[in-house]
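Colleague: Okay, handing you the structure first.
The values are calculated or read from the model by the stated rules, or taken from the named source; none is laboratory data. Note that the structure is predicted; figures quoted are calculated from it, not measured. Cβ atoms come from the backbone with ideal geometry, glycine included; neighbour counts cover every protein chain shown.
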Ligand code: IVH
């Protein structure tokens, strides 16, 4: 077998296994075997770049390369659907169709309405060539690199009979399982949680790092085939055909011949959807015959041949059994409701956050109350109401905020203007100390291989580490003595810790856990001050002079370095050999002028001379700030071609000037006047 033949064979085999696993949900080999095969393919491809193919299954792992989203025009606008929450409007729709078709018999294809974000996929000669988001319906973002990582989307088609070039539309989703894993991870890193799988899917698809996209495990269902000619006049039949080409088409579709059948479909899924692995928010009803669809046509905005019936937010009624209090790494004490387990939107829920004391008081909660728990698209379950009618004379204890820390007993404090209560014992409260170490080792901070929350917990319990600096004193022999820890993993951890000495300064600054200094702020501070000493010595004025650093962050930085205990920790980290200054390479990215100082700039449209990323970098290097959405604070819009109409209108309404590419380049002195 030649190398090319082996590559082709591996690609075909891996494609089949992906299809079995992600589309059919019926894997025929184990993960390990799959990984080995993939590794072999990657090795061969690396050794033979001449056989590179963007449709290779190896491309699904994504890459760290950032690539800007280019806006593309949809061949046919992506319309949305008329929505209704009422069954009588579904009946009205049915009657309108009857009338519009002049009494001709018709069928309605009933489908689930998947709650993700719509995507348009373009295939040419059996290969995925482009994936575009809905955008404003007319133009969307080209997110092909990210979409390639979605295993249920075929990169090359299977079966036969597919048109040479066609479009298929569907929904990109984050399954509940992936969503929960992602949020758990974010909670651990104290990153903001995604409110629901839709936001998570859309945030993920817009990432500039397709490797991270691949890690987050998106899925996709396809529900609309656009081709000329179509395989059949029936929409349902066309989708069944598309399934034979390798697309994931929902099995939960039904052709209905009467209004009663349509209503029965709606009633069934109103509750049955709770057991689906993905979020749905309604059903979509479509006239099945494409010929009849054309006859019915469109209004200015939506098709007359389809309608979406939306379900009411899912609710469950359950009994509040207790309220516990969780202490975060910054000392925030959050009340958590524990209730009898109930199924809700595909998962079993037992707990919901009660946010803060104000929220608890507003609900007037008592232990034993029957409470309504809702997800309604928002995943973090929340208690929306108390069923006061079901209260008996035996009212349970009123839920009150604790006055002392549940972990260390210190009296709690509340800062002015904040709803949260804090445990001020930041140098002795175990979850705070442990939480800070967990944060320090986390992926976005020092990213220490082999060290996660669980191991930190073990190290902590064994008394081997009390703070982040202790990690650098660990010896493999000590670690190996921990329960369930082998020699090899122990070595791995110690090596991981040693390797973290090379982690760049901005991430060290993030890792030390200064309140309000997240990943981005840490980068900003690192770029502005260049070294730990300079950050530590900065005065309030110096800090707030940096764009994007406000008073709150500045105060927090000063407070951090004013504390002797933090200074000691920082000194010990310096002795451990961590990066305490920007490296030469990064220092080269430092500002070159301040002509854009104080300016908030939105980039929009398609450009001739530089990519969007390059413009972003140029703005920053000339002292400006790139912001993503237009507001009254926007200084100007760097406007390329084909800027979206919505942005254009908003800019006009707020009187924000548009600056052309050439004008901008002239302003920063990149081209002559
Ligand atoms: S058909 C012209 N089918 O709902 C018909 N849409 O409110 C185009 N959606 O933008 C859409 N599940 O993102 C269709 N089975 C389904 C759907 C579906 C979810 C989304 C889609 C669309 C929105 C319309």
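Colleague: Checking residue 194 against (1) within 22 Å of residue 273 (Cα to Cα); (2) buried (at least 21 other Cβ atoms within 10 Å of the Cβ); (3) within 15 Å of the ligand (Cβ to nearest atom), which test does it fail?
Modeller: The single condition residue 194 does not satisfy is (3).
Colleague: I'm trying to understand the selection: among the residues of the stretch 500-515, which are part of a helix (DSSP H, G or I) and more than 12 Å from residue 471 (Cα to Cα)?
Modeller: 502, 505, 506, 507, 508, 509, 510, 511
Colleague: Go through the stretch 1-39 and count every residue that is farther than 30 Å from residue 174 by Cβ and assigned to a helix (DSSP H, G or I).
Modeller: So the count comes out to 7.
Colleague: Which pairs do you get when a residue that is within 23 Å of residue 294 (Cβ to Cβ), found in the stretch 232-259, comes within reach of a residue that is within 15 Å of the ligand (Cβ to nearest atom) and at pLDDT below 95, reach meaning Cβ atoms under 7 angstrom, with the pair 6+ apart or on two chains?
Modeller: Going by the 7 Å Cβ cut-off, there are no qualifying pairs.
Colleague: Among the residues of the stretch 13-31, is any more than 16 Å from the ligand (Cβ to nearest atom), touching a residue at least 40 places away in the same chain (Cβ under 8 Å) and more than 30 Å from residue 345 (Cβ to Cβ)?
Modeller: There is at least one residue in the stretch 13-31 that is more than 16 Å from the ligand (Cβ to nearest atom), touching a residue at least 40 places away in the same chain (Cβ under 8 Å) and more than 30 Å from residue 345 (Cβ to Cβ).
Colleague: Quick check on my filter: what residues within the stretch 623-660 are farther than 27 Å from residue 77 by Cβ, in contact (Cβ under 8 Å) with a residue 24 or more places away in the chain and not in a loop (DSSP other than H, G, I, E, B)?
Modeller: Answer for the stretch 623-660, where residues must be farther than 27 Å from residue 77 by Cβ, in contact (Cβ under 8 Å) with a residue 24 or more places away in the chain and not in a loop (DSSP other than H, G, I, E, B): 625, 626, 627, 636.
Colleague: Let me ask something else about it. Closer than 30 Å to residue 612 by Cα, crowded, with 20+ Cβ neighbours inside 10 Å and modelled with pLDDT of 95 or more: which single residue out of 155, 112 fits that description?
Modeller: Exactly one residue qualifies, and that residue is 155.
Colleague: Could you grab me the full set of residues in the stretch 71-86 that are more than 16 Å from the ligand (Cβ to nearest atom) and buried (at least 17 other Cβ atoms within 10 Å of the Cβ)?
Modeller: Scanning the stretch 71-86 gives 71, 72.
Colleague: Turning to a different aspect of this structure: Looking at the stretch 285-305, I want the residues that are farther than 14 Å from residue 104 by Cβ and away from the ligand (no atom under 11 Å from the Cβ) and have a partner that is modelled with pLDDT under 95 and part of a loop (DSSP other than H, G, I, E, B) with Cβ atoms under 9 Å, at least 6 apart or on another chain. Which pairs are those?
Modeller: Final answer for the pair search is 299/82.
Colleague: Considering only the stretch 412-451, how many residues are part of a loop (DSSP other than H, G, I, E, B), touching a residue at least 60 places away in the same chain (Cβ under 8 Å) and out of contact with any helix residue (DSSP H, G or I) (no Cβ under 6 Å at 6 or more places or on another chain)?
Modeller: 9
Colleague: Which condition number in (1) within 16 Å of the ligand (Cβ to nearest atom); (2) in contact with a helix residue (DSSP H, G or I) (Cβ under 8 Å, 6 or more places away or on another chain) is the one that residue 259 fails?
Modeller: Failed condition: (1).
Colleague: In the stretch 536-576, what residues are under 17 Å from residue 440 (Cβ atoms) and part of a loop (DSSP other than H, G, I, E, B)?
Modeller: Of everything in the stretch 536-576, those that are under 17 Å from residue 440 (Cβ atoms) and part of a loop (DSSP other than H, G, I, E, B) turn out to be 563, 576.
Colleague: Further, regarding this structure: Determine, yes or no, whether residue 508 is in contact with a helix residue (DSSP H, G or I) (Cβ under 8 Å, 6 or more places away or on another chain), under 18 Å from residue 567 (Cα atoms) and modelled with pLDDT of 95 or more.
Modeller: yes
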